[in-house]
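Step one of this worksheet: look at the structure below.
The values are calculated or read from the model by the stated rules, or taken from the named source; none is laboratory data. Because the structure is predicted, anything quoted here is derived from the model rather than measured. Backbone-built Cβ (ideal geometry, glycine too); neighbour counts: all protein chains shown.
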Ligand SMILES: Cc1ncc(C[n+]2csc(CCOP(=O)(O)OP(=O)(O)O)c2C)c(N)n1
């Protein structure tokens, strides 16, 4: 089986040992060519694998023992499903005859992830492996039923040859029907484009298309186009309160074209109630329209825009000069507010974005970090390697995914997450080593402050008295507490933990003024 997966291009194995998967792990460990990542926490292993598969653009295997260890993989399976990340869960099991008997550590693991895996195999000795039929677009689950075997003869494992052949190649979906988009362009007077998460290889064609269409555009950070100079003349930011902003500027939006992943911007949620008045078409490699009855062109963006793009006439549009100039004025207002509230959370995020090197990678945690970076990061902030987990917007496994995306990678890597998000993934640093330089910024604003923005009760926010110094000490990582952004930088080796503590009163005052600007 390990050989079969090697043929599919699996080069990284995330291993979380127990007795039942020992033989599997021993087999993987003997291969000098496979990269092995050892964990004790199965959930952290699976979220790390998510990051790894995205980084390597190859399937990654996660191997756990039987019982509840398998259940720990469900959240990552869900995220992988919604982002089409090719994870392979290899779960050890007891022989099938033990199922439903209540025998120790014997759960029913058969197709445990249900709709979240597109391929499942229940393998006993002698069962032929069918993994070559897997499309690699959704996660796969191989459940391996093993008899007891505590005595391993390590010499019997042959060296695993990697990439012997690749019998199933990933087949990008070829979308050939531009009809809904042409129709939208024909009807719309004031269309707006919103660009969500893009893959690295999609960025260039989307940039070209946006320049050609010449429409106002919302560029979310994880489009990796947010600060692209060639789109500066079209990019609306900061983009809160968009519908009103556009109306006031004489450009009332009547159509939206979404490109890439499901957007974070509030506008997208508002559309749920506006589908009668605003036409929406999504173009994405992912099979999700993101709205009930939403229209979707599903397929490979490079294929679609390069081979079908010339059949789409350029859209007409109203004049959006005023919209752009109003947005620039709002930007100036925000900069003045940063001076007025220098220790507010938005000001700290802005100043943080200024000290991160242009070529660094930045992982933005869900909740406020990604929203604040979208709204307030400087126009000089790095923008080419911005990553996040937008499949289901979970706050779980974020530090592990960040490490999966960056472990052993050259260069400088920054992760920015909320305090509850960090507390959720306390075992994540287990895998961090000193070969890469990563800085994890935890915005400790005392609970889930996203709920304060939505004016919810204190108990929903879950305030707490904890600081992260002891966590950094536990793993022997350097730690700093920042109430403002310092000039001198931290050590460049290994993981540094930075606890960034904004002033709540300033944050609240900032948001109040910002939200009443329009
Ligand atoms: C796994 C999971 N559980 C619960 C939630 C709901 N949720 C969304 S944001 C949030 C609070 C996050 O708090 P924190 O990480 O401190 O970030 P902040 O809101 O302060 O930016 C919660 C609990 C979620 N998104 N994912």
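Restricting the search to strands (runs of 3 or more DSSP E) fully inside region 353-456 and requiring at least 1 residues that are within 22 Å of residue 261 (Cα to Cα) and near the ligand (Cβ under 10 Å from one of its atoms) gives 412-418. For residue 393, the conditions (1) touching a strand residue (DSSP E or B) at 6+ places or on another chain (Cβ under 9 Å); (2) closer than 23 Å to residue 51 by Cα; (3) at pLDDT 95 or above all hold with the exception of (1).
In this structure, is residue 339 away from the ligand (no atom under 16 Å from the Cβ), without any contact (Cβ under 8 Å) to a residue 12 or more places away in the chain and in contact with a helix residue (DSSP H, G or I) (Cβ under 9 Å, 6 or more places away or on another chain)? Yes: the conditions hold for residue 339. Taken as a whole, the structure leaves residue 493 outside the set of residues that are farther than 25 Å from residue 262 by Cβ, more than 13 Å from the ligand (Cβ to nearest atom), touching a residue at least 60 places away in the same chain (Cβ under 8 Å) and in contact with a strand residue (DSSP E or B) (Cβ under 9 Å, 6 or more places away or on another chain).
Can you find a residue in region 89-98 that is over 23 Å from the mean Cα position of the chain (by Cα), under 16 Å from residue 121 (Cα atoms) and part of a loop (DSSP other than H, G, I, E, B)? Looking through region 89-98, at least one residue is over 23 Å from the mean Cα position of the chain (by Cα), under 16 Å from residue 121 (Cα atoms) and part of a loop (DSSP other than H, G, I, E, B). Taking region 464-485 only, how many residues are in a loop (DSSP other than H, G, I, E, B), more than 10 Å from the ligand (Cβ to nearest atom) and surrounded by 12 or more Cβ atoms within 10 Å (Cβ to Cβ)? Selection size over region 464-485: 9. For residue 270, the conditions (1) closer than 21 Å to residue 376 by Cβ; (2) surrounded by fewer than 17 Cβ atoms within 10 Å (Cβ to Cβ); (3) modelled with pLDDT of 95 or more all hold with the exception of (3). Among the conditions (1) assigned to a loop (DSSP other than H, G, I, E, B); (2) buried (at least 22 other Cβ atoms within 10 Å of the Cβ); (3) within 16 Å of the ligand (Cβ to nearest atom), residue 346 misses just one, which is (1). Would you please name the residue that is farthest from residue 70 (Cα to Cα), looking only at residues in region 120-141 that are in contact (Cβ under 8 Å) with a residue 24 or more places away in the chain and assigned to a strand (DSSP E or B)? Within region 120-141, the match that is farthest from residue 70 (Cα to Cα) is 123. Quick one: which helices (runs of 4 or more DSSP H) lie wholly within region 1-68 and hold at least 1 residues that are modelled with pLDDT of 95 or more and under 30 Å from residue 385 (Cα atoms)? Of the helices (runs of 4 or more DSSP H) lying wholly inside region 1-68, those with at least 1 residues that are modelled with pLDDT of 95 or more and under 30 Å from residue 385 (Cα atoms) span 42-56. The test for being under 24 Å from residue 346 (Cβ atoms), within 12 Å of the ligand (Cβ to nearest atom) and at pLDDT 95 or above does not hold for residue 498. Right, residue 304: in the same structural domain as residue 200 (by TED's automatic domain parsing), crowded, with 24+ Cβ neighbours inside 10 Å and either touching a strand residue (DSSP E or B) at 6+ places or on another chain (Cβ under 8 Å) or farther than 30 Å from residue 75 by Cα (or both) or not? Against the criterion (in the same structural domain as residue 200 (by TED's automatic domain parsing), crowded, with 24+ Cβ neighbours inside 10 Å and either touching a strand residue (DSSP E or B) at 6+ places or on another chain (Cβ under 8 Å) or farther than 30 Å from residue 75 by Cα (or both)), residue 304 qualifies. Residues in region 87-110 that are surrounded by 13 or more Cβ atoms within 10 Å (Cβ to Cβ), over 13 Å from residue 145 (Cα atoms) and without any contact (Cβ under 8 Å) to a residue 60 or more places away in the chain: 87, 89. Condition check for residue 310 on (1) surrounded by fewer than 16 Cβ atoms within 10 Å (Cβ to Cβ); (2) in contact (Cβ under 8 Å) with a residue 40 or more places away in the chain: one failure, at (2).
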